[in-house]
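I have placed the structure first, in the form of structure tokens, so that the comments after it can refer back to it.
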Amino acid sequence: MKRTSRPLEDRLWEKIAKKGSSDCWLWQGGQGGKGYGVIRKWNGTKWVNSYAHREVLQLCAGDPPVPDAHALHSCDNPSCCNPAHLSWGTNSQNRKEARDRLLNQGNQKLTPTQVDKIRGDSRTHILIAKDYSVHPSTIARIKQRKGWLP
């Protein structure tokens, strides 16, 4: 008997924790390297892993303009799947935007007060990250004082 699977779109949306329209919508499924959400899909001949944010962007904005286009995050949150935070772009655009965000310290997602609260919070990184709509690795870096001033 042939195994069937539910449609990719159904499996995709059920793994995304939607919040407000401007908040990050965090992927709740499996993750690959660097915190990016991963979902299995059928490519016509076999099952392959695909990035969840890329699949969301393709569903909401259409196919990438060029085959090697990247799905860029405006929020710098690798597990975010909010279509409002995603756009098609090139690898060089992605690197430039990431570099620009690092240089512009006024674009911090968290305030110094929030960072202080995070450092004093004894809950797991995952639970804290959900409260602030950031990736658990962001919480880990804050608690380890990496990338944030003491």
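What follows draws every value from the coordinates through simple rules; no lab data is involved. Quick caveat, the model's predicted, so the values are computed rather than measured. Quick reminder, even Gly has a Cβ in these numbers, built from the backbone with ideal geometry, and neighbours come from all protein chains shown.
Quick notes on this structure:
- Residue list for the stretch 44-86, filter: among the polar types (S, T, N, Q), without any contact (Cβ under 8 Å) to a residue 40 or more places away in the chain and not in a helix (DSSP H, G or I): 45, 49, 50, 74
- Residue pairs meeting the criteria (Cβ under 6 Å; at least 6 apart or on separate chains; first acidic (Asp, Glu), in the stretch 108-128; second assigned to a helix (DSSP H, G or I)): 121/128
- Within the stretch 58-70, considering residues that are over 18 Å from residue 28 (Cβ atoms) and of a type in the set (A, V, I, L, M), the one surrounded by the fewest Cβ atoms within 10 Å (Cβ to Cβ): 66
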